[in-house]
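Every read-out reported here was derived from the displayed coordinates using simple, explicitly stated rules and does not represent laboratory data. What you are looking at is a predicted structure, and each value in this text was computed from that prediction instead of being measured. All Cβ positions, even for glycine, are placed from backbone atoms using ideal geometry, and neighbour counts span all protein chains on display.
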Amino acid sequence: MGKKRSRENDAQGDVSMGDPTPKKDDDSSDDEDMDIVNVDFELFNYDPQIDFHGVKTLLRQLFDTDAQLFDLSGLSDLIVEQNTIGSTCKVDDKANDAYAFLTVLNLHEHRAKPPVAQLVEYLSERAKSDEALAGAVSELLAAGSDKHVGLVLADRLLNMPAEVIPPMWNCLIDEIEAAVEDKEPYEFSHYLVVSRTYREVASTLDQGERKQKKAREEAGLQYFHPEDEEMRRHAVASGTYDFTKEGESVADSKRAFQEMGIKPRGLMMLIEASKFQSAVQAITEYISTAT
């Protein structure tokens, strides 16, 4: 394990991002040059005075249409109050809103708090809809369970480069290790990672044009976060589930000017604590080779 991240200091990394608009060379119509913009992404500990609204916005994105089922304000408060566990990723200044966030909550420790109780009930119910999740997750989240499960919540703006993710995950591991040494309640038996996936689906728009085409089948499962596919390989159980508040118009509203719409789905990955560091190392290696 690498050097622990100081709880007083911030980690920083540089990521180069390209201008999405290519410019053609005056001398050649075949060659295209890309302008490169260097952006410094910085990792910060949570600050309750700054990060509440940014974290709440990203939680709303994470839970998609089901976000309305939860007390996101209460959940955001719990996250930002854990200012030595997890990170926000920002550009330019600590006072800005987070572009990405990552944290872990002890479900056993916070089980009596309404925002966590709501979330545990929801995850237990959603897990029942997937055979791979039903037994393992429901048992761990049951009211009588004495297991300490770490609920990992993370999301980022969709145009964020994947290179910012490994430092956040590695910092989390270091912070959990430091917290356990300090006798804080972060020694888990399992980690339950919540994320999202999607499938492309035929839109209900442009019916006239679609009548001239054969009906398309749903495409394979896609990942909003490419590292999730790698992390699933280390899970003792994983599966997807439908959002309960998803309406028939969702695919069209998220079509984003493409012929196919998307149907988001929730994703849960249950990872044994003994394999969590290996999972993080795997996604670190995966992103470094894929980018």
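Starting from region 82-124, pick out the chymotrypsin sites (Phe, Trp or Tyr not before Pro) whose DSSP state is loop and whose Cβ has at most 10 other Cβ atoms within 10 Å.
Of the chymotrypsin sites (Phe, Trp or Tyr not before Pro), not one in the loops of region 82-124 has a Cβ with at most 10 other Cβ atoms within 10 Å.
Show me the ranking of peptides 276-286, 143-153, 190-200 by mean Cβ neighbours inside 10 Å, starting with the highest.
Sorting 276-286, 143-153, 190-200 by mean packing, highest first, produces 190-200, 276-286, 143-153.
Calculate, in nm to one decimal, what residue 221 and residue 184 gain on full extension: separation in residues at 0.36 nm each, minus their alpha carbon distance.
Separation in residues times 0.36 nm, less the Cα-Cα distance, equals 9.5 nm.
Report, in listed order, any pair from 90/128; 56/94; 183/275; 56/113; 128/275 with a Cα-Cα distance greater than 28 Å.
Exceeds cut-off: 90/128.
What is the sum of charges, Lys and Arg at +1 and Asp and Glu at -1, for the other residues whose Cβ falls under 13 Å from the Cβ of residue 279?
Spelling it out: positives minus negatives among the neighbours equals -3.
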